[in-house]
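The values are calculated or read from the model by the stated rules, or taken from the named source; none is laboratory data. Everything quoted here is computed from the prediction, not taken from an experiment. Positions of Cβ are backbone-derived with ideal geometry, glycine not excepted, and every protein chain shown enters the neighbour counts. We work out accessible area using only protein heavy atoms, side chains counted, and drop any ligands, DNA or RNA first. Shrake-Rupley method; radii C 1.70, N 1.55, O 1.52, S 1.80 Å.
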Amino acid sequence: MNDFLFQIPTKLYFGKGEEPMIAAQAQLPALLAAYGPHVLLAYGGGSIKKTGLYDNVIRYLKEAGLEVFELGGVQPNPRLSLCRRGSEICRREGVDFILAVGGGSVIDSAKCISLGVFCDGDAW
């Protein structure tokens, strides 16, 4: 067995009112800027657009000067095909950070996408 360091520094901002709180304190751009200028925004598609959250997040990212690549359409019980597509976008575009906006399925998809970026084989 080879020696290795495995570290997953994950932060979850969860709950009612989190998005306005993060935006009001200008936390989102500052949090993401530390990782690099290329962001993959993963989301479901229904409620994020109906509530205006999508527009707000895009605005925060653009105001921070970040280049945004989108992967919408995450479904409950995420599809491996979507995760593979996300991994390919990340590799092709040099994505530095995956921002999952949504619930558990979006978060699970982001984890699978990030694994797929660095996996020599298939993430499955």
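Worth a mention:
- For beta carbons closer than 6 Å, sequence separation of 6+ or different chains, a first residue in the range 61-88 that is closer than 27 Å to A30 by Cα and a second that is assigned to a loop (DSSP other than H, G, I, E, B) and small (G, A, S), the qualifying pairs are G72/G45; G73/G45; V74/G44.
- Qualifying position, being modelled with pLDDT of 85 or more, open to solvent by less than 20 Å² (accessible area, probe 1.4 Å) and within 22 Å of C112 (Cβ to Cβ), among V68, V39: V39
- Selected residue (criterion: modelled with the lowest pLDDT) from residues of the range 89-124 that are of a type in the set (D, E) and closer than 18 Å to G36 by Cα: D96
- Scanning the range 73-88 for residues that are crowded, with 20+ Cβ neighbours inside 10 Å and not small (G, A, S) yields V74, P78, C83.
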